[in-house]
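J.: Here you go, one structure.
The values are calculated or read from the model by the stated rules, or taken from the named source; none is laboratory data. No experiment lies behind these values; they were computed from the predicted model shown. In this analysis, Cβ positions are derived from the backbone assuming ideal geometry, glycine residues included, and neighbour counts consider all displayed protein chains. Note: accessible area is taken over every heavy atom of the protein model, side chains too, but ligands, DNA and RNA are not part of it. Shrake-Rupley method; radii C 1.70, N 1.55, O 1.52, S 1.80 Å.
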Amino acid sequence: MTTTKIWKVREAGESRLRGELKEAAALLAEGGLIAFPTETVYGLGADARSSAAVERIFAAKGRPSDNPLIVHISDRDQLDGLVLPYPELAGELMDRFWPGPLTIVLPAREGALSPLVTAGLPTVGIRIPDHRAALALLREAGCPVAAPSANRSGRPSPTLADHVLDDLDGRLDGIVDDGATGVGLESTVVELAGERTIRILRPGGITAEALLQALPGAFIDSEPTGESESAPRSPGMKYAHYAPKGELELVLGRPEEVTEYIRSRQEAARSRGEKTGVLAFEERLAAYEADQLRSLGSEDELEGAAHVLYAALREMDAAGVQRLWAEGCGEGGIGAALMNRLVKAAGNRVVRV
Ligand code: TXA
Ligand code: MG
């Protein structure tokens, strides 16, 4: 066990930020394990060049070693040292979306990073996060930083420093606490599948619509989620993920029928003495009477649901909820990422009523 230090930088203005992160950055550069906020979720960072440091990430998370890590940089200048020449379309994506929640899978330059980061793949996923504390820490540390989400493997990703502490206290050297993250779901992971084709390996903060709008003439090729589970191109997608401790069922269909289904299941579970929870959109929240009821905000503004989803799942756990239900949503915009996470959190228990 190590003592986990916490640097609270929420109150620090731009001018003080880098100074307050000096100790965290020095620990990171010396092979330490430091969690930090990004605009998506908190990441668990280590020097991506050091196998000893990166090994600690896998150990702390309990993460399978065949699941590669995303490398975070603060400036495009760092890129050439880490990757081989890449397609023009990748450069256009960087111009348009970095800093931001878009991870681009690029051909890795051999020997530039610890082989543990890429899990033996010839490619590496890279992004520049759009977050003041993340950027300040990366600049101060001066090294590429490998960082998966800072949760124990399989648990919902952390959107608050407290979530990191709940999962990893004593397993890391420190946490930079700059309050709640923004998007609330992880970055979109893409690879280039042809001259003008972008393949979405994991839907996330940058929507398919935003990609198409920014790059007219480009095509999107989304990896189908069902059949390809046995050999996904993004290794992480095959593992159980984002799961609450209670049994979650995701319910899709016409709103009245969804409500009726959840109500009857919830009442039956409660009469069996089980502690129940419901995650529902504001529009129908009042229809439910679960022990734990959490609003996902309005279904007309799914960014709100993305922002609160992981915290809501963790609150269900904290309250000891054994059976829970979530309303599904449309797959337009950030809805694609939301549904992707909900299906996984539900361990594929999805009903269409
Ligand atoms: O928003 C995010 O992306 C957060 C923050 C901390 O940056 N990070 C994150 O990392 O979600 P992680 O490790 O939880 O998810 C990384 C995903 C996995 O699904 C992994 O398989 C995929 O990215 N990935 C990483 N490198 C890859 C590569 N070379 N080829 C294909 N997929 C890759
Ligand atoms: Mg993760």
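J.: Restricting attention to the stretch 1-14, and to residues there that are open to solvent by less than 70 Å² (accessible area, probe 1.4 Å) and of a type outside the set (Gly, Ala, Ser), which single residue is farthest from the chain's Cα centre (by Cα)?
T.: Thr2
J.: Ok, one more. For the stretch 149-167, name all the residues that are within 10 Å of ligand 1 (Cβ to nearest atom) and either farther than 24 Å from Gly31 by Cβ or surrounded by 24 or more Cβ atoms within 10 Å (Cβ to Cβ) (or both).
T.: Result: Ser149, Ala150, Asn151, Ser157, Pro158.
J.: Looking at (1) polar (S, T, N, Q); (2) surrounded by fewer than 21 Cβ atoms within 10 Å (Cβ to Cβ); (3) within 9 Å of ligand 1 (Cβ to nearest atom), which is the one condition that is false for Gln78?
T.: So Gln78 meets the others, but not (3).
J.: Out of Leu17, Leu69, report the one residue that is surrounded by 19 or more Cβ atoms within 10 Å (Cβ to Cβ) and either of a type in the set (A, V, I, L, M, F, W, C) or within 16 Å of ligand 2 (Cβ to nearest atom) (or both).
T.: Leu69
J.: When you scan the stretch 289-302, how many residues do you find that are buried (at least 18 other Cβ atoms within 10 Å of the Cβ) and acidic (Asp, Glu)?
T.: Residues meeting the conditions: 2.
J.: Here's a follow-up. Could you tell me whether the stretch 119-133 includes any residue that is free of Cβ contacts under 8 Å to residues at least 24 places away in the same chain, open to solvent by 30 Å² or more (accessible area, probe 1.4 Å) and within 9 Å of ligand 1 (Cβ to nearest atom)?
T.: Yes; the residues of the stretch 119-133 include at least one that is free of Cβ contacts under 8 Å to residues at least 24 places away in the same chain, open to solvent by 30 Å² or more (accessible area, probe 1.4 Å) and within 9 Å of ligand 1 (Cβ to nearest atom).
J.: Select from the stretch 168-190 the residues that are open to solvent by 20 Å² or more (accessible area, probe 1.4 Å) and either acidic (Asp, Glu) or under 20 Å from Glu39 (Cα atoms) (or both) and write down the one among them that is nearest to ligand 1 (Cβ to nearest atom).
T.: Only one residue tops the list, namely Val183.
J.: Right, here's the next one. Out of the stretch 141-154, which residues are within 22 Å of Thr3 (Cα to Cα) and either of a type outside the set (A, V, I, L, M, F, W, C) or assigned to a helix (DSSP H, G or I) (or both)?
T.: Ala141, Pro148, Ser149, Asn151, Arg152, Ser153
J.: Check whether at least one residue in the stretch 97-106 is of a type in the set (Ser, Thr, Tyr) and either within 16 Å of ligand 2 (Cβ to nearest atom) or open to solvent by 20 Å² or more (accessible area, probe 1.4 Å) (or both), and report yes or no.
T.: Yes: the stretch 97-106 contains one or more residues that are of a type in the set (Ser, Thr, Tyr) and either within 16 Å of ligand 2 (Cβ to nearest atom) or open to solvent by 20 Å² or more (accessible area, probe 1.4 Å) (or both).
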